[in-house]
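J.: The structure that follows is given in the form of structure tokens.
The values are calculated or read from the model by the stated rules, or taken from the named source; none is laboratory data. Every value quoted in this text rests on a predicted model; they were computed, and no experiment measured them. In this analysis, Cβ positions are derived from the backbone assuming ideal geometry, glycine residues included, and neighbour counts consider all displayed protein chains. Just so you know, the surface numbers come from the protein's heavy atoms only, side chains and all, with ligands and any DNA or RNA stripped out. Shrake-Rupley method; radii C 1.70, N 1.55, O 1.52, S 1.80 Å.
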Amino acid sequence: MGFKVSIVGAGGTVGAMAGYNIALQGFADEIAYVDIAEDPAIGQAHDTLHGVAYDSHTDVHYSDYPGVEGSDVVVITAGKPREPGMTRLDLADANRPIIADIIGNVDEYAPDSITVLTSNPMDVLNYHLYDSCDRDRSEVIGFAGRLDSARFRYAIADRFDTTPYNVEASIIGEHGDTQVPVFSKVQVDGRTPEFDAGEREEIRETLKESAMNVIEKKGATEFGPGRGVAHTVEAIAHDTNEVIPSSVVLDGEYGHSDVSIGVPARVGEDGAEVVEWDLSEREQEMFDESAEKLKEQKA
Ligand code: NAD
């Protein structure tokens with residue numbers, strides 16, 4: 001049996017970019033592009049195929065919901081994206097019914113799949129997804145931590161005049177304003193640097209703006225989430241068990257339950273398993289604030 005991925009929202013920016021990256025990597029045998037907007041999804045599927053024709057044998061095609069049957073992973077990117085000036089939470093009312101509609105269909109046609117969701121507010125909607133379907137929490141993955149962490153790596157590399165390749169740095173907590181950069185675990189060129197409070201605050205402020213800077217300048221973020229989703233799906237396909245910061249529903253870990261929030265997670269063929277790190281006192285306090293904020297947003 002081959003590896004099959006479906007992408008709901010593939011007519012749009014993030015879904016298509018995720019599909020293109022997955023196809024280019026060649027680990028999936030089939031990718032089904034689903035969208036309420038049929039023509040854009042068909043166009044994205046053809047464009048993806050033309051892009052990877054010399055690189056990959058992945059079969060990419062438009063699909064209706066029955067066609068997602070047999071999917072190992074269903075990526076969900078459907079829903080409205082932010083416009084300049086909006087927070088991710090501002091999208092909750094618009095995107096909650098969209099996700100509700102999608103869950104019913106995914107549950108009907110691909111009940112055994114692992115879901116990877118980007119739609120914002122991602123943590124809130126990922127919990128909503130988990131709460132309204134009969135899946136193990138490890139099979140309901142919210143994507144963002146890898147992208148937020150990539151932005152953190154760039155900020156740290158800049159500060160130490162090195163390349164992001166030489167930086168280990170992770171973001172946990174909300175995919176939003178209360179995100180928690182884990183400074184205590186940062187490694188630069190194999191060393192563990194110290195940050196004073198002013199530096200931490202400055203980097204935190206830079207990070208808060210980084211996605212909106214892209215949206216204001218080019219209209220949307222696409223390469224960051226697209227490549228990051230593909231990496232997450234690849235970890236599932238190849239059962240790599242690598243740690244990728246992801247939003248997972250907690251069951252007592254980090255002192256919280258019944259909330260989906262960014263944590264280090266080992267990602268493999270069974271989905272995402274929470275990894276517990278020792279956080280500094282300040283990081284745990286910030287994580288608690290972030291978790292409480294997300295719990296208040298539950299549907
Ligand atoms: P987009 O507008 O380009 O694409 C969204 C697609 O969803 C459209 O093609 C639309 O037709 C489709 N859609 C809407 N309702 C649907 C439904 N009921 N069923 C099927 N398809 C439906 O938006 P985008 O830039 O691709 O962003 C998608 C989502 O991802 C947004 O909510 C955005 O905020 C979020 N996002 C998250 C991250 C992350 O790291 N988690 C990063 C970037 C964007």
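J.: All but one of (1) within 12 Å of the ligand (Cβ to nearest atom); (2) closer than 19 Å to residue 248 by Cα; (3) open to solvent by 10 Å² or more (accessible area, probe 1.4 Å); (4) in contact (Cβ under 8 Å) with a residue 40 or more places away in the chain hold for residue 100, so report the exception by its number.
T.: Status for residue 100: all satisfied but (4).
J.: Name the residues in the range 218-237 that are buried (at least 18 other Cβ atoms within 10 Å of the Cβ), touching a helix residue (DSSP H, G or I) at 6+ places or on another chain (Cβ under 8 Å) and not basic (Lys, Arg), would you?
T.: If the condition is that a residue be buried (at least 18 other Cβ atoms within 10 Å of the Cβ), touching a helix residue (DSSP H, G or I) at 6+ places or on another chain (Cβ under 8 Å) and not basic (Lys, Arg), then 221, 222, 224, 225, 226, 228, 229, 230, 231, 232, 233, 234 are the ones that fit.
J.: Out of curiosity, is residue 234 of a type outside the set (Val, Ile, Thr) and in a helix (DSSP H, G or I)? Write out each step before concluding.
T.: On the way: of a type outside the set (Val, Ile, Thr): yes; in a helix (DSSP H, G or I): yes.
Spelling it out, residue 234 is indeed of a type outside the set (Val, Ile, Thr) and in a helix (DSSP H, G or I).
J.: Something else: Scan the range 28-86 for residues that are open to solvent by less than 80 Å² (accessible area, probe 1.4 Å), in contact (Cβ under 8 Å) with a residue 60 or more places away in the chain and within 12 Å of the ligand (Cβ to nearest atom) and jot them down.
T.: From the range 28-86, those open to solvent by less than 80 Å² (accessible area, probe 1.4 Å) are 28, 30-35, 37, 40-45, 48-49, 51-53, 56, 58-63, 65-68, 70-79, 82, 85-86; that's our starting set.
Those still in the list that are in contact (Cβ under 8 Å) with a residue 60 or more places away in the chain too: 28, 67-68, 70-79, 82.
Once the filter is applied, which keeps residues that are open to solvent by less than 80 Å² (accessible area, probe 1.4 Å), in contact (Cβ under 8 Å) with a residue 60 or more places away in the chain and within 12 Å of the ligand (Cβ to nearest atom), the range 28-86 yields 68, 74, 75, 76, 77, 78, 79, 82.
J.: Sticking with this structure for a sec: Among the residues of the range 104-113, which ones are outside any loop (DSSP other than H, G, I, E, B), open to solvent by 10 Å² or more (accessible area, probe 1.4 Å) and not aromatic (Phe, Trp, Tyr)? Even if it seems obvious, please write down each step before you answer.
T.: Step one: list which residues in the range 104-113 are outside any loop (DSSP other than H, G, I, E, B), which gives 104-109.
Then drop every residue that is not open to solvent by 10 Å² or more (accessible area, probe 1.4 Å), which leaves 104-105, 107-109.
If the condition is that a residue be outside any loop (DSSP other than H, G, I, E, B), open to solvent by 10 Å² or more (accessible area, probe 1.4 Å) and not aromatic (Phe, Trp, Tyr), then 104, 105, 107, 108 are the ones that fit.
J.: Just for the range 155-191: of the residues that are out of contact with any helix residue (DSSP H, G or I) (no Cβ under 8 Å at 6 or more places or on another chain) and under 18 Å from residue 277 (Cβ atoms), which one is surrounded by the fewest Cβ atoms within 10 Å (Cβ to Cβ)?
T.: So, considering only residues that are out of contact with any helix residue (DSSP H, G or I) (no Cβ under 8 Å at 6 or more places or on another chain) and under 18 Å from residue 277 (Cβ atoms), the one surrounded by the fewest Cβ atoms within 10 Å (Cβ to Cβ) is 187.
To keep it simple, each residue is scored yes or no on (1) assigned to a helix (DSSP H, G or I); (2) basic (Lys, Arg); (3) closer than 17 Å to residue 123 by Cα; (4) touching a strand residue (DSSP E or B) at 6+ places or on another chain (Cβ under 8 Å).
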site: 152; (1), (2), (3), (4): yes, no, no, yes
site: 156; (1), (2), (3), (4): yes, no, no, yes
site: 165; (1), (2), (3), (4): yes, no, no, no
site: 172; (1), (2), (3), (4): no, no, yes, yes
site: 177; (1), (2), (3), (4): no, no, yes, no
site: 184; (1), (2), (3), (4): yes, no, no, no
site: 194; (1), (2), (3), (4): no, no, no, no
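J.: If a residue has to be of a type outside the set (Asp, Glu) and in a loop (DSSP other than H, G, I, E, B) to count, how many in the range 270-299 make the cut? Steps first, answer last, please.
T.: Taking the range 270-299 as the starting set, the residues that turn out to be of a type outside the set (Asp, Glu) are 271-272, 274-275, 277, 279-280, 282, 284, 286-287, 290-291, 293-295, 297-299.
From what is left, the residues that are in a loop (DSSP other than H, G, I, E, B) are 275, 277, 279-280, 297-299.
Adding up the residues that qualify gives 7.
J.: Which of (1) free of Cβ contacts under 8 Å to residues at least 40 places away in the same chain; (2) under 20 Å from residue 7 (Cα atoms) does residue 114 not meet, given it meets every other one?
T.: Residue 114 satisfies every listed condition except (1).
J.: Would you be able to tell me the number of residues in the range 238-274 that are of a type outside the set (A, V, I, L, M, F, W, C) and crowded, with 19+ Cβ neighbours inside 10 Å? Before the answer, list the steps.
T.: Filtering the range 238-274 down to residues of a type outside the set (A, V, I, L, M, F, W, C) leaves 238-242, 245-247, 251-258, 260, 262, 264, 266, 268-271, 273.
Going one step further and asking which of them are crowded, with 19+ Cβ neighbours inside 10 Å, we end up with 245-247, 254, 256, 260, 262, 264, 271.
Selection size over the range 238-274: 9.
J.: Going by the structure shown, is residue 295 surrounded by fewer than 18 Cβ atoms within 10 Å (Cβ to Cβ), modelled with pLDDT of 95 or more and among the basic types (Lys, Arg)? Lay out the reasoning, then the answer.
T.: Details: surrounded by fewer than 18 Cβ atoms within 10 Å (Cβ to Cβ): yes; modelled with pLDDT of 95 or more: yes; among the basic types (Lys, Arg): yes.
When the stated conditions are applied, residue 295 passes them.
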